[in-house]
Amino acid sequence: QVQLVESGGGLVQPGGSLRLSCAASGRTFSNYNMGWFRQAPGKEREFVAGITWSGTGTRYADSVKGRFTISRDNAKNTGYLQMNSLKPEDTAVYYCAATRLLYYNPQNYGTWGQGTQVTVSS
(Lines give C-alpha, C1' and ligand atoms only; values in the text may rest on other atoms or scores of the structure.)
Protein backbone atom coordinates (compact mmCIF):
# COMPACT_ATOMS: atom_id res chain seq x y z
CA GLN A 1 0.00 0.00 0.00
CA VAL A 2 1.21 3.51 -0.74
CA GLN A 3 1.90 5.94 2.12
CA LEU A 4 1.08 9.64 1.73
CA VAL A 5 2.44 12.76 3.45
CA GLU A 6 1.01 16.22 2.80
CA SER A 7 2.86 19.52 3.17
CA GLY A 8 2.54 23.14 2.16
CA GLY A 9 -0.33 24.28 4.31
CA GLY A 10 -0.31 27.51 6.28
CA LEU A 11 -1.93 30.88 6.86
CA VAL A 12 -2.72 33.02 3.82
CA GLN A 13 -4.74 36.16 3.23
CA PRO A 14 -7.91 36.10 1.14
CA GLY A 15 -7.01 36.24 -2.53
CA GLY A 16 -3.66 34.61 -1.92
CA SER A 17 -2.22 31.32 -3.14
CA LEU A 18 -0.76 28.12 -1.71
CA ARG A 19 0.57 24.94 -3.26
CA LEU A 20 0.06 21.71 -1.36
CA SER A 21 2.26 18.70 -1.99
CA CYS A 22 1.57 15.02 -1.39
CA ALA A 23 4.68 12.84 -1.21
CA ALA A 24 4.11 9.13 -1.79
CA SER A 25 6.22 6.18 -0.71
CA GLY A 26 5.85 2.44 -0.58
CA ARG A 27 4.06 1.05 -3.58
CA THR A 28 4.40 2.54 -7.07
CA PHE A 29 2.71 5.94 -7.00
CA SER A 30 1.92 5.85 -10.71
CA ASN A 31 -0.33 2.84 -10.14
CA TYR A 32 -2.76 4.99 -8.18
CA ASN A 33 -5.29 7.66 -8.98
CA MET A 34 -5.07 10.53 -6.52
CA GLY A 35 -7.45 12.94 -4.89
CA TRP A 36 -7.52 15.90 -2.55
CA PHE A 37 -10.18 16.27 0.13
CA ARG A 38 -10.79 18.80 2.88
CA GLN A 39 -12.58 18.95 6.20
CA ALA A 40 -13.59 22.17 7.91
CA PRO A 41 -14.47 22.31 11.63
CA GLY A 42 -17.92 20.89 12.26
CA LYS A 43 -18.32 19.74 8.66
CA GLU A 44 -17.97 16.46 6.83
CA ARG A 45 -14.95 15.72 4.70
CA GLU A 46 -15.54 16.76 1.09
CA PHE A 47 -13.99 15.95 -2.26
CA VAL A 48 -11.94 18.81 -3.73
CA ALA A 49 -10.21 17.38 -6.81
CA GLY A 50 -9.08 14.12 -8.39
CA ILE A 51 -6.58 13.07 -11.03
CA THR A 52 -5.94 9.84 -12.89
CA TRP A 53 -2.72 7.86 -12.52
CA SER A 54 -1.47 9.27 -15.83
CA GLY A 55 -2.52 12.84 -15.14
CA THR A 56 -4.71 12.96 -18.24
CA GLY A 57 -8.01 13.12 -16.39
CA THR A 58 -9.03 15.60 -13.69
CA ARG A 59 -12.21 16.53 -11.88
CA TYR A 60 -13.04 19.33 -9.44
CA ALA A 61 -15.69 20.27 -6.94
CA ASP A 62 -17.81 23.15 -8.19
CA SER A 63 -16.64 25.29 -5.27
CA VAL A 64 -13.00 25.25 -6.46
CA LYS A 65 -13.32 25.11 -10.27
CA GLY A 66 -11.24 27.78 -11.94
CA ARG A 67 -9.26 28.46 -8.74
CA PHE A 68 -7.59 25.14 -7.86
CA THR A 69 -5.45 22.92 -10.09
CA ILE A 70 -4.52 19.33 -9.34
CA SER A 71 -1.40 17.83 -10.89
CA ARG A 72 1.19 15.12 -10.32
CA ASP A 73 4.77 14.24 -11.13
CA ASN A 74 5.12 10.46 -11.12
CA ALA A 75 8.89 10.68 -11.53
CA LYS A 76 9.00 12.48 -8.17
CA ASN A 77 6.23 10.39 -6.58
CA THR A 78 4.46 13.61 -5.70
CA GLY A 79 1.05 15.12 -6.24
CA TYR A 80 0.11 18.77 -6.00
CA LEU A 81 -2.82 21.06 -5.41
CA GLN A 82 -2.29 24.64 -6.57
CA MET A 83 -4.80 26.89 -4.83
CA ASN A 84 -5.34 30.43 -6.10
CA SER A 85 -7.81 33.17 -5.19
CA LEU A 86 -8.26 31.62 -1.78
CA LYS A 87 -11.36 32.48 0.25
CA PRO A 88 -12.03 32.20 3.98
CA GLU A 89 -14.41 29.34 3.24
CA ASP A 90 -11.46 27.33 1.89
CA THR A 91 -10.15 27.08 5.45
CA ALA A 92 -9.88 23.39 6.34
CA VAL A 93 -7.54 20.48 6.87
CA TYR A 94 -6.57 19.21 3.45
CA TYR A 95 -5.90 15.52 2.85
CA CYS A 96 -4.49 13.69 -0.13
CA ALA A 97 -5.70 10.20 -0.87
CA ALA A 98 -5.06 7.39 -3.32
CA THR A 99 -7.17 4.77 -5.02
CA ARG A 100 -6.84 2.15 -7.74
CA LEU A 101 -10.55 2.50 -8.47
CA LEU A 102 -12.40 5.28 -10.32
CA TYR A 103 -10.81 8.57 -9.31
CA TYR A 104 -13.94 10.71 -9.44
CA ASN A 105 -15.89 8.63 -6.92
CA PRO A 106 -14.98 9.89 -3.43
CA GLN A 107 -16.14 6.60 -1.90
CA ASN A 108 -13.29 4.77 -3.66
CA TYR A 109 -10.48 6.34 -1.67
CA GLY A 110 -9.03 4.16 1.07
CA THR A 111 -5.48 5.41 1.57
CA TRP A 112 -5.04 8.77 3.30
CA GLY A 113 -2.35 11.16 4.44
CA GLN A 114 -2.36 12.84 7.85
CA GLY A 115 -3.57 16.20 6.54
CA THR A 116 -2.24 19.75 6.40
CA GLN A 117 -4.00 22.84 7.77
CA VAL A 118 -4.93 25.68 5.42
CA THR A 119 -6.23 28.87 7.01
CA VAL A 120 -7.45 31.78 4.90
CA SER A 121 -7.80 34.90 7.00
CA SER A 122 -6.86 38.55 7.06
Fill in: Test for GLY50: is it open to solvent by less than 40 Å² (accessible area, probe 1.4 Å) and part of a strand (DSSP E or B)
yes
Worksheet item: Does TYR80 satisfy being among the hydroxyl-bearing types (Ser, Thr, Tyr), open to solvent by less than 20 Å² (accessible area, probe 1.4 Å) and in a strand (DSSP E or B)?
Response: no
Worksheet item: Can we say THR56 is polar (S, T, N, Q), in a strand (DSSP E or B) and over 12 Å from the mean Cα position of the chain (by Cα)?
Response: no
Discussion item. Test of understanding: among LEU11, LEU101, LEU86, which residue is more than 18 Å from GLN1 (Cβ to Cβ) and either touching a helix residue (DSSP H, G or I) at 6+ places or on another chain (Cβ under 9 Å) or in a strand (DSSP E or B) (or both)?
Written reply: LEU11
Worksheet item: What number of residues in the stretch 59-76 are assigned to a loop (DSSP other than H, G, I, E, B), under 14 Å from the mean Cα position of the chain (by Cα) and over 18 Å from PRO106 (Cβ atoms)?
Response: 1
Worksheet, complete the sentence: Only unsatisfied item for ARG19, checking (1) open to solvent by 60 Å² or more (accessible area, probe 1.4 Å); (2) part of a loop (DSSP other than H, G, I, E, B), is (2)
Worksheet entry | Residue among SER85, SER63, SER25, SER122 that is surrounded by fewer than 21 Cβ atoms within 10 Å (Cβ to Cβ) and either touching a Ser or Thr at 6+ places or on another chain (Cβ under 9 Å) or of a type in the set (Val, Ile, Thr) (or both) | SER85
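The values are calculated or read from the model by the stated rules, or taken from the named source; none is laboratory data. All figures in this text were calculated on a predicted structure; none of them were measured in a lab. Glycine gets a Cβ as well: all are built from the backbone with ideal geometry, and neighbour counts include every protein chain shown. We work out accessible area using only protein heavy atoms, side chains counted, and drop any ligands, DNA or RNA first. Shrake-Rupley method; radii C 1.70, N 1.55, O 1.52, S 1.80 Å.
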